[in-house]
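Chemist: Could you have a look at this structure, given as structure tokens, before my questions?
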């Protein structure tokens with residue numbers, strides 16, 4: 001499907017009719033052969049194959065796009081595309097600008113967000129992706145604001161562009177590149193800001209931070225405690241050194257000068273920070289935003305307090321048992337509490353989680369969270385319940 005013939009074919013009257021017909025069926029391995037056999041009486045095999053691919057991709061795309069059932073995708077393009085929520089978050093940083101260039105636009109995930117409130121030009125060297133980006137912007141109501149160019153981004157004249165967003169490729173075919181390696185390279189992306197323009201770069205969450213130039217903001221974004229990406233903002237639009245953002249509500253936490261917390265023995269509750277907070281190194285800032293809490297160790301990110309800490313930047317756990325690490329002590333505590341199912345959280349601990357699960361041999365009925373960490377530089381274990389589980393019962 002790389003040559004793009006299928007785009008015109010699926011937009012034809014025949015192609016649209018076939019897509020509508022397939023959308024009314026539940027296509028799976030059990031019925032695909034029977035369905036294809038029936039369709040071959042009315043449609044060319046090549047068109048059926050292309051339509052089935054799109055139906056499958058549209059189903060996968062529903063978690064990213066509200067209008068996925070009308071959009072067009074490639075496998076690689078969908079996998080690398082920013083979701084609607086992410087794209088709108090990216091676009092918000094460019095709100096002051098009337099026009100933005102979206103480099104390496106792919107199937108247009110970010111182009112859709114950028115073109116909602118600005119004139120956006122998507123650029124991709126893949127002619128199929130360049131075409132799909134504009135089609136998908138149109139499906140999402142932004143046809144008037146979106147234009148697309150098929151070109152190598154490194155050959156463009158961008159001196160007149162006030163703002164640029166770039167999502168460089170971080171994989172080659174089926175192989176994911178190591179963190180910090182991309183095409184075009186990060187060095188080239190950073191150089192886009194040399195004339196003072198506003199530049200945003202989408203990167204992997206595992207990006208080595210020492211690659212980022214001084215003056216750039218590093219933002220880590222998570223959703224449902226899944227760390228999704230890092231974003232690098234040039235000095236023209238940077239508003240802090242480091243930032244942690246939690247979607248979908250775009251709660252954000254920024255670095256503060258000389259932020260620090262005391263270290264003390266565990267209290268009644270633990271706060272397990274969101275991964276965006278720990279990756280951004282903002283555990284102290286989180287503690288200050290919560291108030292009256294402390295760290296349990298200099299080197300690990302868990303916070304503690306004697307009140308239930310409510311924050312979008314972490315999960316609060318009530319401590320039911322606290323002990324220096326010992327398999328025997330942990331097993332006794334779990335059995336005395338009637339625990340039969342555990343979720344293990346590990347930070348700063350060398351314990352093998354799989355081996356621990358096998359050796360505990362629990363027979364209770366209650367769920368619990370086991371936290372393996374360090375307290376004042378000693379291996380430690382907690383048995384906890386989450387506030388969300390308590391509120392649900």
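The values are calculated or read from the model by the stated rules, or taken from the named source; none is laboratory data. Because the structure is predicted, anything quoted here is derived from the model rather than measured. Ideal geometry is used to build each Cβ from the backbone, glycine not excepted, and the neighbour counts take in all protein chains shown.
Chemist: I'm checking my understanding of the structure. Among residues of segment 227-244 that are without any contact (Cβ under 8 Å) to a residue 60 or more places away in the chain and more than 21 Å from residue 169 (Cα to Cα), which one is nearest to the chain's Cα centre (by Cα)? Before you say what the answer is, go through the steps one by one.
Modeler: Keep residues of segment 227-244 that are without any contact (Cβ under 8 Å) to a residue 60 or more places away in the chain, which gives 227, 230, 232, 234-236, 238-243.
Checking the rest, the ones that are also more than 21 Å from residue 169 (Cα to Cα) come to 235-236, 238-243.
Numbers: 235: 24, 236: 24, 238: 20, 239: 21, 240: 21, 241: 20, 242: 17, 243: 15 Å.
Ranking the qualifying residues of segment 227-244, first place goes to 243.
Chemist: Only one residue in 387, 303, 360 is surrounded by 15 or more Cβ atoms within 10 Å (Cβ to Cβ) and modelled with pLDDT of 95 or more. Which one? Outline the logic, then answer.
Modeler: On the way: 387 fails: modelled with pLDDT of 95 or more; 360 fails: modelled with pLDDT of 95 or more.
Result of the check over 387, 303, 360: 303.
Chemist: Another question about this same structure. Select from segment 159-183 the residues that are in a loop (DSSP other than H, G, I, E, B) and in contact (Cβ under 8 Å) with a residue 24 or more places away in the chain and write down the one among them that is surrounded by the most Cβ atoms within 10 Å (Cβ to Cβ). Steps first, please.
Modeler: Let us first name the residues in segment 159-183 that are in a loop (DSSP other than H, G, I, E, B), namely 159-162, 167-168, 170, 173-174, 177-182.
The next check asks that each one be in contact (Cβ under 8 Å) with a residue 24 or more places away in the chain; those that pass are 159, 161-162, 167-168, 170, 179-180.
Numbers: 159: 7, 161: 19, 162: 16, 167: 24, 168: 19, 170: 18, 179: 15, 180: 17.
So the residue we want is 167.
Chemist: Which residue pairs have Cβ atoms closer than 6 Å, lie 6 or more positions apart in sequence or on different chains, and pair a first residue in segment 351-378 that is farther than 20 Å from residue 266 by Cβ with a second residue that is in a loop (DSSP other than H, G, I, E, B)?
Modeler: Cβ pairs passing all conditions: 364/338; 366/338.
Chemist: Could you check segment 263-278 and list, in sequence order, the residues that are outside any strand (DSSP E or B) and under 16 Å from residue 292 (Cβ atoms)? It would help to see each step written out before you state the result.
Modeler: To start, the set of residues in segment 263-278 that are outside any strand (DSSP E or B) comprises 264-268, 274-278.
Matches in segment 263-278: 264, 265, 266, 267, 268.
Chemist: May I ask you to list the residues in segment 127-143 that are in contact with a strand residue (DSSP E or B) (Cβ under 9 Å, 6 or more places away or on another chain) and either without any contact (Cβ under 8 Å) to a residue 40 or more places away in the chain or outside the structural domain of residue 228 (by TED's automatic domain parsing) (or both)?
Modeler: Residues satisfying the conditions are 130, 133, 134, 137, 138, 142.
Rundown of residues vs (1) assigned to a helix (DSSP H, G or I); (2) surrounded by fewer than 15 Cβ atoms within 10 Å (Cβ to Cβ); (3) out of contact with any helix residue (DSSP H, G or I) (no Cβ under 9 Å at 6 or more places or on another chain), yes/no style:
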| site | (1), (2), (3) |
| --- | --- |
| 8 | yes, yes, no |
| 18 | yes, no, no |
| 37 | yes, yes, yes |
| 48 | yes, no, no |
| 53 | yes, no, no |
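Chemist: For residue 68, are the conditions met, namely being in the same structural domain as residue 134 (by TED's automatic domain parsing), within 30 Å of residue 165 (Cα to Cα) and either at pLDDT below 95 or within 20 Å of the chain's Cα centre (by Cα) (or both)? Before you say what the answer is, go through the steps one by one.
Modeler: Working: in the same structural domain as residue 134 (by TED's automatic domain parsing): no; within 30 Å of residue 165 (Cα to Cα): yes; either at pLDDT below 95 or within 20 Å of the chain's Cα centre (by Cα) (or both): yes.
So residue 68 does not fit the description; no.
Chemist: How many residues does segment 184-211 contain that are within 20 Å of the chain's Cα centre (by Cα) and either part of a loop (DSSP other than H, G, I, E, B) or surrounded by fewer than 18 Cβ atoms within 10 Å (Cβ to Cβ) (or both)?
Modeler: Residues in segment 184-211 being within 20 Å of the chain's Cα centre (by Cα) and either part of a loop (DSSP other than H, G, I, E, B) or surrounded by fewer than 18 Cβ atoms within 10 Å (Cβ to Cβ) (or both): 6 in total.
Chemist: Suppose the filter is over 25 Å from residue 58 (Cα atoms) and surrounded by fewer than 19 Cβ atoms within 10 Å (Cβ to Cβ); does residue 151 pass it?
Modeler: Numbers: over 25 Å from residue 58 (Cα atoms): yes; surrounded by fewer than 19 Cβ atoms within 10 Å (Cβ to Cβ): yes.
Yes.
Chemist: Looking for something in contact with a helix residue (DSSP H, G or I) (Cβ under 7 Å, 6 or more places away or on another chain) and over 21 Å from residue 168 (Cβ atoms) - is there at least one such residue anywhere in segment 88-106?
Modeler: Initial filter on segment 88-106 (in contact with a helix residue (DSSP H, G or I) (Cβ under 7 Å, 6 or more places away or on another chain)): 88, 90-91, 94, 100, 102-106.
Next, from what is left, pick out any that are over 21 Å from residue 168 (Cβ atoms): none.
No, every residue in segment 88-106 fails to be in contact with a helix residue (DSSP H, G or I) (Cβ under 7 Å, 6 or more places away or on another chain) and over 21 Å from residue 168 (Cβ atoms).
Chemist: So if I check each of 147, 66, 105, which one is without any contact (Cβ under 8 Å) to a residue 40 or more places away in the chain, within 23 Å of residue 248 (Cα to Cα) and not in a helix (DSSP H, G or I)? Steps first, please.
Modeler: On the way: 147 fails: within 23 Å of residue 248 (Cα to Cα); 105 fails: without any contact (Cβ under 8 Å) to a residue 40 or more places away in the chain.
Checking each option against the conditions leaves just 66.
Chemist: A follow-up question, please. Going by the conditions given, is residue 77 in a loop (DSSP other than H, G, I, E, B) and touching a residue at least 40 places away in the same chain (Cβ under 8 Å)? It would help to see each step written out before you state the result.
Modeler: Numbers: in a loop (DSSP other than H, G, I, E, B): no; touching a residue at least 40 places away in the same chain (Cβ under 8 Å): yes.
The answer is no for residue 77.
Chemist: Do you know which residues across segment 329-348 are in a loop (DSSP other than H, G, I, E, B) and either at pLDDT 95 or above or over 13 Å from residue 373 (Cα atoms) (or both)?
Modeler: Step one: list which residues in segment 329-348 are in a loop (DSSP other than H, G, I, E, B), which gives 337-338, 347-348.
Hits for segment 329-348 are 337, 338.
Chemist: Could you pull out the residue among 270, 247, 253 that is over 20 Å from the mean Cα position of the chain (by Cα), under 30 Å from residue 386 (Cβ atoms) and in contact (Cβ under 8 Å) with a residue 60 or more places away in the chain? Lay out the reasoning, then the answer.
Modeler: Details: 247 fails: over 20 Å from the mean Cα position of the chain (by Cα); 253 fails: over 20 Å from the mean Cα position of the chain (by Cα).
Only one candidate passes the filter, namely 270.
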